[in-house]
Amino acid sequence: MTNYRVLLIEDDPADARLVKEWLASEGGHQIFDADRLDDASSRLEKEVFDVALLDLGLPDSKGIETLTNLLDNAITSVPRPIQP
């Protein structure tokens, strides 16, 4: 079974707990959480994740703009190999 680094972006503690419990039951995944888009963007600048689970109704972003903002940040923060 593959273990994934999961970024869970959810502001509702009960929903976050439910998702974490479900992922834990699947075994072995590393789960990192953020409750605001700003927090998630900061993590993406420093870390690499295999999967992001995103709530589209966060305190600092709503709707499809949440996804487009996250994608913009993720694309610009993907580590690039250094060319000699």
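Readers should treat all values here as calculations from the given coordinates under stated rules, not as data from a laboratory. For clarity, every value in this text was computed on a predicted model and none was experimentally measured. Heads up, the Cβs are rebuilt from the backbone with ideal geometry, glycines too, and the neighbour counts pull from every protein chain shown.
DSSP beta bridges in the chain, what fraction antiparallel, as a percent rounded to 5?
So the antiparallel bridges amount to about 20 percent of the total.
Quick check on packing: order 37-44, 7-14, 67-74 by the mean number of other C-beta atoms within 10 Å, highest mean leading. Spell out each step's value before the answer.
Values: 37-44: 19.6, 7-14: 17.4, 67-74: 15.0.
Going by the mean number of other Cβ atoms within 10 Å, highest first, we get 37-44, 7-14, 67-74.
With r defined as the distance between the Cβ atoms of TRP22 and ASP72 and R0 fixed at 22 Å, what FRET efficiency is calculated, to the nearest 0.05?
Calculated transfer efficiency: 0.20.
What value, in deg cm²/dmol to 500, does the helix sum -39500 (n - 2.57) over DSSP H runs of n ≥ 4 give at 222 nm once divided by the residues of the chain? Please report the intermediate quantities before stating the final value.
Working: 3 runs with 38 residues, N = 84.
One gets -14000 deg cm²/dmol as the mean residue ellipticity at 222 nm.
How big, on average over all directions, is the shadow cast by the Cα convex hull of the chain, in nm²?
Spelled out: convex hull of the Cα atoms, projected over all directions, averaged, 6.3 nm².
If the chain between ASN3 and ASP60 were fully stretched, how many nm would it gain, using 0.36 nm times the residue separation less the Cα-Cα distance?
The span from ASN3 to ASP60 would gain 17.5 nm if fully extended.
Rounded to the nearest 0.05, what FRET efficiency is calculated for ASP15 and VAL48 with R0 set to 25 Å and r the Cβ-Cβ distance?
Values: r = 24 Å, r/R0 = 0.98.
Here the calculated transfer efficiency is 0.55.
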